[in-house]
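Worksheet: the structure to be examined is printed underneath.
Please treat every number below as a calculation from the coordinates, not as lab data. Every value quoted in this text rests on a predicted model; they were computed, and no experiment measured them. In this analysis, Cβ positions are derived from the backbone assuming ideal geometry, glycine residues included, and neighbour counts consider all displayed protein chains.
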Amino acid sequence: MSDKPFLTDINTLRARARRHIEQGAVTEGYRGDRETVIRILNEALATEIVCVLRYKRHHFMASGINAQSVAAEFLQHATEEQAHADEIAGRIVQLGGAPNFSPEGLLTRSHAEYVEGDSLEDMIKEDLVAERIAIDSYREMIAYLGNDDPTTRRMLEGILAMEEEHADDLVSLLEELGV
Ligand SMILES: [Fe+2]
Ligand SMILES: [Fe+2]
């Protein structure tokens, strides 16, 4: 057994923290590949924005066909996707990057698609497909990050859990519709 301490000794830790203080939360101990992490977070941001737009469209269209409970569910999902987008944008800035909110290329950056859907059933199914895409891509990002960036990983784990809830809600809506 080595008697090497598990933690970096306090003097080294203190000295390291004083270097590059302009990098804020990003310390020398940050093990992620910052550029890659920022890029994948920007893809996740685009995905969330596309999901907000799709759910908003579905919310207003469902309101028009008098499906109040489904319309309300769509609105709730839109609000939650917006909160995810905000969390992700905040983390990008913490990592020293810039969140990409440009409408140009938004759909190319996004993992999920924007499908309007003609009927209530189509809308729910398209939302379910989008959630399943988001679930798989978040799971991959989490695996990629491993222990290199626990803060980003934890944020994505929280978002993943909510996308799973969304998918589950949508399956229930399909069951209620009897399809
Ligand atoms: Fe989301
Ligand atoms: Fe979602």
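Where the centroid of each part is defined by its Cα atoms, how far is region 55-102 from region 22-51 in Å? Between the Cα centres of region 55-102 and region 22-51 lies a distance of 20 Å. Using Cβ point charges alone (K and R +1, D and E -1), the dipole size of the chain about the Cα centre works out to roughly 1240 debye. The per residue volume of the convex hull around the alpha-carbon atoms of region 71-130 is 92 Å³.
An ellipsoid equivalent to the chain, defined through the eigenvalues of its Cα gyration tensor, has semi-axes of 40, 17, 12 Å when rounded to whole angstrom and sorted largest first.
Computed from label points 7 Å out along Cα-Cβ, the spacing between Glu22 and Leu7 is 3.1 nm.
Shown in residue order for region 133-150 are the 3J(HN,Hα) couplings computed by the Karplus curve 6.51 cos²θ - 1.76 cosθ + 1.60 at θ = phi - 60°: 5, 4, 4, 5, 6, 5, 4, 5, 4, 4, 5, 4, 5, x, 9, 6, 8, x Hz (x for Gly and Pro). Quick check on the chain: helices-only [θ] at 222 nm, where DSSP H runs of length 4 and up contribute -39,500 (n - 2.57) each and the sum goes over total residues. Nearest 500, please. Estimated from H runs of four or more residues: -24000 deg cm²/dmol. Net charge in the neighbourhood of Met123 (other residues with Cβ under 10 Å of its Cβ; Lys, Arg +1, Asp, Glu -1) is -3. Pairs of Cα atoms nearer than 8 Å and 6+ residues apart set the relative contact order; for region 2-115 it is 36 percent.
Shown in residue order for region 161-177 are the 3J(HN,Hα) couplings computed by the Karplus curve 6.51 cos²θ - 1.76 cosθ + 1.60 at θ = phi - 60°: 4, 6, 5, 5, 5, 4, 4, 5, 4, 5, 4, 4, 4, 5, 5, 4, 6 Hz (x for Gly and Pro).
Over region 7-67, the Kirkwood radius and the radius of gyration, each from Cα atoms, give a ratio Rg/Rh of 1.40.
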